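Participant: This is the structure I have questions about; it appears just below.
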Ligand code: AMP
Ligand code: MG
């Protein structure tokens, strides 16, 4: 095991040292064994040793723990007062292949950046984060990972009293758009420079040797952000709080709040109960991605001209559309590299939207598309059958010209259209049971989400659309 503390030591002016504060009767309730092995952290595979490493002052896991300072644009407004208010960067781990990863503890207690809040996280939100980050990862959508969930008997007050919990999460780094924005907007240009130097040294090494490292780095962030958001749109994921402090410079999904995977396809769906205007609605996400990149790009202005920045940002939309089109064609069984099937995809989405059909379920049924079967299950979903038949006819003609073996096509589609997604009503059941001390539903759901494309009858109970009580659950922003 190799533990590093490069951020804590090389950027010590940008952090505050803080030790995690124990929770009453803390206990490890979930460990991601495969991720632990992948990181080479086998000594923490049993629960007592992990717990003791976490709550022993100055253990190898905690001795360099720090809270990071950052700011962020929240709902369009600049806020310089953010930072790790309840999270700590514990350590960096170098995996057996030499790649570094951050271990971050969420819910660790107050820090100098907690403002008026308690520094804690509740079991409800840590379960939601654990499940979502693993679900996205297994769908092939870049995301932070969940390493370990700690429950407790600590009472934490949100709208009501809840159970305190902690989550250790893992990602390449916790560098957010808001880190760069903060040092730029506060005029601390030397610290900004140090942050860029650090980023080139540890995370953007290939950019560091480019003709203009800043150009190369911004291009990379634009590309990765566009690819991530294209995947959110293709798989029906609504993040819900795309503030720039929640945007990773690695283009990975992180900082999960009131997110949702779509049930019925409503393009303007808003998962965040605290966002009545829909700034972060499902169909606003691509545009907000660009807004956020513009905000980040401000921090590049000491190094790049306006013209250079504009040219780079202009690549965002074509990047996103290319990636989105590629995935959507493949999800529909169409040749992914042919860009001329947009009518088929748009019409399909329009039919789903106008008849409010379940997004993931119908894509899964589309894998079984058989034009010869006039009474197919897929067709049976639609009220406007003439419209469906016209669309199906064009699809059939297009597919017949593709010269791809039907079985191969079906298998390819099944590998891209999940049987199991993390619907809010499923997450809610996992939470309700866990709050009673029963993690069996959480474990089973997690297992199903870890093989989302498998046609395994064991997972049937997780593949159903929501019952009436589970439709449009209001997810609180408090976590
Ligand atoms: P979030 O909405 O979780 O992305 O957090 C926004 C900001 O509020 C960040 O600076 C967090 O560190 C801080 N924050 C959120 N919840 C808490 C809490 N319970 N205690 C302290 N700080 C918090
Ligand atoms: Mg956040």
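Participant: Would you please name the residue that is farthest from residue 50 (Cα to Cα), looking only at residues in segment 77-113 that are near ligand 1 (Cβ under 10 Å from one of its atoms) and more than 23 Å from the chain's Cα centre (by Cα)?
Facilitator: Across segment 77-113, the extreme among qualifying residues is 81.
Participant: Let me ask you something else. What helices (runs of 4 or more DSSP H), lying completely within segment 159-251, carry at least 1 residues that are touching a helix residue (DSSP H, G or I) at 6+ places or on another chain (Cβ under 9 Å), in contact (Cβ under 8 Å) with a residue 60 or more places away in the chain and outside the structural domain of residue 62 (by TED's automatic domain parsing)? Working first, answer last.
Facilitator: Details: elements: 177-185, 189-202, 205-208, 213-235.
Qualifying helices (runs of 4 or more DSSP H): 177-185, 189-202, 213-235.
Participant: While we're on this one: Can you tell me which residue within segment 252-266, out of those that are over 18 Å from the mean Cα position of the chain (by Cα) and in a loop (DSSP other than H, G, I, E, B), is surrounded by the most Cβ atoms within 10 Å (Cβ to Cβ)? It would help to see each step written out before you state the result.
Facilitator: Restricting attention to segment 252-266, the residues satisfying the condition of being over 18 Å from the mean Cα position of the chain (by Cα) are 264-266.
Those left that are additionally in a loop (DSSP other than H, G, I, E, B): 265-266.
Details: 265: 22, 266: 17.
By that ranking, first place goes to 265.
Participant: Would you pick out the residues in segment 381-399 that are in a loop (DSSP other than H, G, I, E, B) and surrounded by 13 or more Cβ atoms within 10 Å (Cβ to Cβ)? Before the answer, list the steps.
Facilitator: Looking only at segment 381-399, we keep the residues that are in a loop (DSSP other than H, G, I, E, B), and these are 381-384.
Passing the criteria: 381, 382.
A quick yes/no check of all residues on (1) within 15 Å of ligand 2 (Cβ to nearest atom); (2) surrounded by fewer than 19 Cβ atoms within 10 Å (Cβ to Cβ); (3) under 30 Å from residue 153 (Cβ atoms):
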| position | (1), (2), (3) |
| --- | --- |
| 2 | no, yes, no |
| 13 | no, yes, no |
| 39 | no, no, yes |
| 46 | no, yes, yes |
| 79 | yes, yes, no |
| 94 | no, yes, no |
| 108 | yes, no, yes |
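Every residue, every condition in (1) closer than 27 Å to residue 287 by Cα; (2) within 16 Å of ligand 1 (Cβ to nearest atom), yes or no:
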residue	(1), (2)
42	no, no
48	no, no
51	no, no
58	no, no
67	no, yes
72	yes, yes
75	yes, yes
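Participant: Moving on to the next point. In segment 89-97, is there at least one residue being touching a helix residue (DSSP H, G or I) at 6+ places or on another chain (Cβ under 6 Å) and modelled with pLDDT under 95?
Facilitator: Yes - at least one qualifying residue is present in segment 89-97.
Participant: Just one of 176, 158 is surrounded by fewer than 19 Cβ atoms within 10 Å (Cβ to Cβ), under 21 Å from residue 84 (Cα atoms) and within 26 Å of the chain's Cα centre (by Cα); which is it?
Facilitator: On the way: 176 fails: surrounded by fewer than 19 Cβ atoms within 10 Å (Cβ to Cβ).
Matching residue, one of 176, 158: 158.
Participant: Further question on the same structure: What do you reckon, is residue 89 outside any loop (DSSP other than H, G, I, E, B) and away from ligand 2 (no atom under 16 Å from the Cβ)?
Facilitator: On the way: outside any loop (DSSP other than H, G, I, E, B): yes; away from ligand 2 (no atom under 16 Å from the Cβ): no.
Spelling it out, it is not the case that residue 89 is outside any loop (DSSP other than H, G, I, E, B) and away from ligand 2 (no atom under 16 Å from the Cβ).
Participant: Filter segment 39-66 for residues that are at negative phi and over 27 Å from the mean Cα position of the chain (by Cα) and give the result.
Facilitator: From segment 39-66, those at negative phi are 39, 41-57, 59-66; that's our starting set.
Result: 43, 46, 48, 49, 52, 53, 55, 56, 57, 59, 60, 63.
Participant: Looking for something farther than 21 Å from residue 216 by Cα and within 16 Å of the chain's Cα centre (by Cα) - is there at least one such residue anywhere in segment 289-306? Quick ask: steps written out before the conclusion?
Facilitator: Taking segment 289-306 and keeping what is farther than 21 Å from residue 216 by Cα, we get none.
Checking segment 289-306: not a single residue is farther than 21 Å from residue 216 by Cα and within 16 Å of the chain's Cα centre (by Cα).
Participant: Now, a different point. Regarding segment 280-289, can at least one residue be identified that is modelled with pLDDT of 95 or more, outside any helix (DSSP H, G or I), within 16 Å of ligand 1 (Cβ to nearest atom) and not assigned by TED's automatic domain parsing to the domain that holds residue 381?
Facilitator: yes
Participant: Still on this structure: Of the residues 100, 142, 112, only one is within 14 Å of residue 255 (Cβ to Cβ) and in the same structural domain as residue 21 (by TED's automatic domain parsing); which?
Facilitator: Values: 100 fails: within 14 Å of residue 255 (Cβ to Cβ); 112 fails: within 14 Å of residue 255 (Cβ to Cβ).
Just one listed residue meets the conditions, 142.
Participant: If we scan segment 93-108, do we find a residue that is within 23 Å of residue 143 (Cβ to Cβ) and in a helix (DSSP H, G or I)?
Facilitator: Scanning segment 93-108, I find no residue that is within 23 Å of residue 143 (Cβ to Cβ) and in a helix (DSSP H, G or I), so the answer is no.
Participant: Taking the stated definitions as given, is residue 136 touching a residue at least 40 places away in the same chain (Cβ under 8 Å), away from ligand 1 (no atom under 16 Å from the Cβ), within 19 Å of the chain's Cα centre (by Cα) and under 23 Å from residue 52 (Cα atoms)?
Facilitator: Considered against the rule, which asks whether it is touching a residue at least 40 places away in the same chain (Cβ under 8 Å), away from ligand 1 (no atom under 16 Å from the Cβ), within 19 Å of the chain's Cα centre (by Cα) and under 23 Å from residue 52 (Cα atoms), residue 136 comes out as no.
Participant: Moving on. Of everything in segment 357-380 that's assigned to a loop (DSSP other than H, G, I, E, B) and modelled with pLDDT of 95 or more, which residue is nearest to residue 269 (Cα to Cα)?
Facilitator: Within segment 357-380, the first condition is being assigned to a loop (DSSP other than H, G, I, E, B), and the residues that meet it are 357, 367-376.
Checking which are modelled with pLDDT of 95 or more leaves us with 357, 367.
Working: 357: 13, 367: 25 Å.
Only one residue fits best here, namely 357.
Participant: Can you give me the number of residues within segment 252-269 that are away from ligand 2 (no atom under 16 Å from the Cβ) and out of contact with any helix residue (DSSP H, G or I) (no Cβ under 6 Å at 6 or more places or on another chain)? Full working, then the answer.
Facilitator: Taking segment 252-269 first, the residues away from ligand 2 (no atom under 16 Å from the Cβ) are 260-269.
Now restrict to residues that are out of contact with any helix residue (DSSP H, G or I) (no Cβ under 6 Å at 6 or more places or on another chain): 261, 263-264, 266.
Residues meeting the conditions: 4.
Participant: Here is a check on your reading of the model: is residue 269 touching a residue at least 60 places away in the same chain (Cβ under 8 Å), within 30 Å of residue 362 (Cβ to Cβ) and assigned to a loop (DSSP other than H, G, I, E, B)?
Facilitator: On the way: touching a residue at least 60 places away in the same chain (Cβ under 8 Å): no; within 30 Å of residue 362 (Cβ to Cβ): yes; assigned to a loop (DSSP other than H, G, I, E, B): yes.
No: the conditions fail for residue 269.
Participant: Next up: Check 318, 302, 336 and return the single one that is surrounded by fewer than 19 Cβ atoms within 10 Å (Cβ to Cβ) and within 24 Å of residue 411 (Cα to Cα).
Facilitator: Numbers: 318 fails: within 24 Å of residue 411 (Cα to Cα); 302 fails: within 24 Å of residue 411 (Cα to Cα).
Residue meeting the stated conditions: 336.
The values are calculated or read from the model by the stated rules, or taken from the named source; none is laboratory data. Given the structure is predicted, the values throughout are model-derived calculations rather than measurements. Positions of Cβ are generated from backbone atoms using ideal geometry, with glycine treated the same way; all protein chains shown enter the neighbour counts.
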